[in-house]
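Following: one structure in structure tokens, then a few remarks.
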Amino acid sequence: MTNSPSLLSTNPACFEFFGTKSGGSVSKLTLKNDSKDICGYKLKTNAAQRYSVHPVLGHLRPGESVDVRVRTFQPISAADRFMIQTTILSASEADTLDSTKWRQIAPSRIVETIVECKASKQSDADVAANAPLQHAKQSGSSFYVLVLAALVIAAAAYYYQMHLAVPVHLAKKAASAAKAAANHATAAAAAHRATAAAAAAQ
């Protein structure tokens, strides 16, 4: 079994992980077959319980490429490694390739290439850059809640005054509360628009 550059080109040269809005980190590495042969590949890692890899196994005909995507919800460790195993396949081997058939390939035919992984320095920056937008979304949600509350209070005040003969001073208090809620909603809307505009300008 050899330990040399992969039979497939890799771009980028390592798995670089970027943080996501939904949590965790993802990385993408493109494998391309620049040769005139059919190349099979399999990915392995020394931390299989921490990483989800897709696809793990496959083959590429001349000129074909595939994006390998890796996801994790754990911190990236400098000790984590990925291995790309590659080998030249016949057409019949490629057509029937699966994990069982891969294990039957002679070790002397397999080329093993170690690929490092790292956390992108931009991950924290991306999160910080998205903070104004997230705040804008939260402000927008608060705005709609306040508007709904103002409408409910106003409707209740009108109903009580018209149908339940509530004293005028109580109805006025309810109307005043509704007006205050509406003013608060208006202020929240203005803040929401300003924050959203600032986030979009970045």
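Neighbour counting of Cβ atoms within 10 Å sorts the residues His59, His54, fewest neighbours leading, into His54, His59. Kindly flag which residue pairs out of Lys36/Lys118; Lys44/Lys121; Lys44/Lys118; Lys21/Lys42; Lys28/Lys118; Lys42/Lys118 have an alpha-carbon separation exceeding 23 Å in this structure. In this structure, Lys36/Lys118; Lys44/Lys121; Lys21/Lys42 lie more than 23 Å apart at Cα.
Of the peptides 60-70, 77-87, the ranking by mean beta-carbon count within 10 Å, highest at the top, reads 77-87, 60-70.
The aspartates and glutamates within cross-link reach of Lys101, meaning a Cα-to-Cα straight distance under 14 Å and a gap of 8 or more places when in the same chain, are Glu93.
Label separation (Val26 vs Ala79): 2.9 nm, computed from points 7 Å beyond Cα along the C-beta direction. Length gained on full extension, Ser99 to His184: 24.4 nm, using 0.36 nm per residue less the C-alpha separation.
Residues within the reach of a label modelled at Ile88 (point 7 angstrom out along Cα to beta-carbon, backbone nitrogen below 17 Å), restricted to the range 27-53, are 33-41.
A short reminder: the numbers here are calculations on the coordinates, not readings from a lab. All figures in this text were calculated on a predicted structure; none of them were measured in a lab. Neighbour counts are summed over all protein chains in view; Cβ atoms, including those assigned to glycine, are modelled from backbone coordinates with ideal geometry.
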